[in-house]
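The values are calculated or read from the model by the stated rules, or taken from the named source; none is laboratory data. What you see is a predicted model, and the numbers here were worked out from it, not measured in a lab. Because the Cβ atoms are built from the backbone with ideal geometry, glycine has one as well, and the counts that use them run over all protein chains shown. Side chains are part of the model used for accessible areas, which takes the heavy atoms of the whole protein and leaves out ligands, DNA and RNA. Shrake-Rupley method; radii C 1.70, N 1.55, O 1.52, S 1.80 Å.
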Amino acid sequence: MSETLVVTEVVNSVVVTPVNNKVEIASVGVQGPTGATGATGATGATGATGATGATGAKGDTGATGATGATGATGAGYSGVTSTSTITIGTGLKTFTLVSGYAGAFITGDRIRAIHSDTPTYYMEGPANYVGGGTMIITVDTAVGSGSHNAWNFSIAGIVGATGATGATGATGATGSQGIQGIQGDKGDTGATGAKGDTGATGAAGSSGVVSVTAPITNTGTSSAAVIGIDQTDIVQTSRTISTTSPLSGGGALSSNLTLSVGAGSTSTAGVLQLTDSTSSTSTTTAATPNAVKTAYDIGNAKSLDWISLNYYRSANATGLATLAGTTTFYTPLTVPASVTLDRIAILTGSAFVGTAVVRLGIYSNTNALPDAVILDAGTVSATAASSPYQITINQTLNAGIYWFAACIQTSASTNNFSSIVSPTSPGVLGLPLYGSNVNYYTAGYAQTSVTGAFATATSVIKTQTAMCVSVRKA
């Protein structure tokens with residue numbers, strides 16, 4: 001059965017409760033305050049996972065982060081050097097590395113050692129060992145020559161395997177015939193062959209017959225001749241021997257002749273008796289080489305020998321002079337007996353200023369002129385006025401005339417040196433007058449434009465002024 005419930009009074013709330021098919025309606029008062037929350041109940045079982053939702057749209061790219069700090073530089077191949085003295089060639093080569101630095105090189109690398117002064121000179125090969133400041137290379141390729149002590153290093157490419165041999169090309173056309181070569185030397189004579197068997201004895205020949213023609217005679221028979229000459233049939237031709245002094249005894253050859261040589265004298269050519277005497281006054285005897293040597297030794301022993309640790313120079317007058325550079329001055333000196341020299345020296349003048357480099361030496365004498373270099377003593381640096389400068393030497397000279405040489409190869413501000421200036425005597429060689437001035441003699445000889453080591457004297461000219469060179473006997 002259907003009933004209609006009408007509620008006409010407005011209340012704050014209405015609670016409708018069905019009870020035994022009846023409806024009870026009660027008005028509800030104003031809601032009271034919310035009670036305290038009850039304790040949370042136990043969590044229920046997890047439900048099944050739901051389906052994955054659709055992918056969301058891509059977000060915007062974030063800003064680029066700041067650049068990180070640069071890392072430390074790794075070991076490289078540059079800056080690896082060695083000053084070991086190594087001869088270019090193949091085989092095992094050991095380099096001591098400067099500061100022990102080997103860079104990025106390791107054992108097993110193929111390394112090229114390059115001469116830093118001449119980069120076209122190098123050696124390369126596999127490194128047997130790199131470490132401890134040492135690099136050992138087994139060199140299989142070397143270019144250049146000599147021993148060097150400045151090396152840089154680089155990685156070298158591995159030598160590839162030899163490629164297969166290409167196919168043989170077609171034979172080219174035959175060229176024209178060349179000119180005939182020079183005939184070769186004659187070969188050595190072959191060994192003598194073995195001696196052959198002796199042949200059978202031939203049949204006996206017929207007896208020979210001897211016949212003669214005058215003045216040949218035969219006093220035997222035609223088969224047993226006795227040959228002679230009939231002197232009466234020989235016609236002699238007239239001949240004579242003529243002689244000139246000191247030979248005498250000439251004449252016709254119709255009889256025996258006796259030739260003789262006359263005795264010699266200071267006015268006549270002839271035979272002289274040899275003698276070993278060094279005291280004879282004879283004018284009809286001649287000295288043997290032994291006598292000459294004895295006389296030489298006597299004279300040499302009595303000559304004015306030099307005194308040990310004393311200096312000697314040209315006997316001509318000396319003074320001071322300002323001299324030209326790159327000019328070699330030659331002054332003569334007589335050495336009376338064999339001597340060993342231990343110093344060669346020069347002396348600066350009072351007006352000398354600056355630094356001069358002077359080369360000193362000794363030359364041989366040929367036809368009263370300087371000739372070949374006997375000693376190039378090197379150079380001495382002069383830096384102060386009125387001071388001696390010398391070079392230590394070890395030079396032995398035999399008795400004779402020599403030329404002592406000095407050349408200013410680097411000039412000072414003022415090249416003022418002790419010199420032979422306008423000598424008034426001819427000196428040891430009888431040097432010629434200087435030009436047309438009859439009051440002065442030549443001081444020596446000069447050669448201009450000389451640089452570097454001494455060489456054979458050429459194009460020398462007379463000079464009235466020459467640097468004075470002294471030598472000391474050891």
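Report the full-extension gain for the segment V357 to S145: residue separation times 0.36 nm, less the Cα-Cα distance, to one decimal in nm. Between V357 and S145, full extension yields an extra 72.8 nm. The slack between A51 and V212, meaning 0.36 nm per residue of separation minus the straight C-alpha distance, is 41.6 nm.
Would you mind putting 326-333, 32-39 in packing order, based on average other-beta-carbon counts within 10 Å, highest first?
Values: 326-333: 23.5, 32-39: 5.9.
So the peptides 326-333, 32-39, ranked by packing, come out 326-333, 32-39.
Each DSSP beta bridge with both residues in the stretch 251-384 is either parallel or antiparallel, and the antiparallel ones are about 70%. Restricting the stretch 102-211 to trypsin sites (Lys or Arg not before Pro) that sit in a DSSP loop and have at most 15 other Cβ atoms within 10 Å of their own Cβ leaves K186, K195. Peptides 77-86, 44-53 ranked from most to least packed give 77-86, 44-53, packing being the mean of other C-beta atoms within 10 angstrom over each peptide's residues. Packing order of peptides 358-364, 162-168, highest average first: 358-364, 162-168 (average count of other Cβ atoms within 10 Å over each peptide's residues). Model label points for T243 and K293, set 7 angstrom from Cα along the Cα-to-Cβ axis, are 3.6 nm apart. For a modelled paramagnetic label at T451, 7 Å from Cα along Cα-to-Cβ, the residues of the stretch 325-343 in reach, with backbone nitrogen under 20 Å, are 325-329. The T281 and V261 beta-carbon pair, evaluated with R₀ = 22 Å, returns a calculated FRET efficiency of approximately 0.35. With a simple spin-label model that places each label point 7 Å from the Cα along the Cα-to-Cβ direction, the separation between I106 and T171 comes to 5.6 nm. Across all directions, the shadow cast by the convex hull of the stretch 27-181 built on its C-alpha atoms averages 34.9 square nanometres.
If I compute solvent accessible area with a 1.4 Å probe over the protein chains, what percent of it on the stretch 320-403 is carbon and sulfur? The partial results should precede the final answer.
Numbers: 1650 of 3220 Å².
On the stretch 320-403, the fraction of accessible area on carbon and sulfur atoms equals 51 percent.
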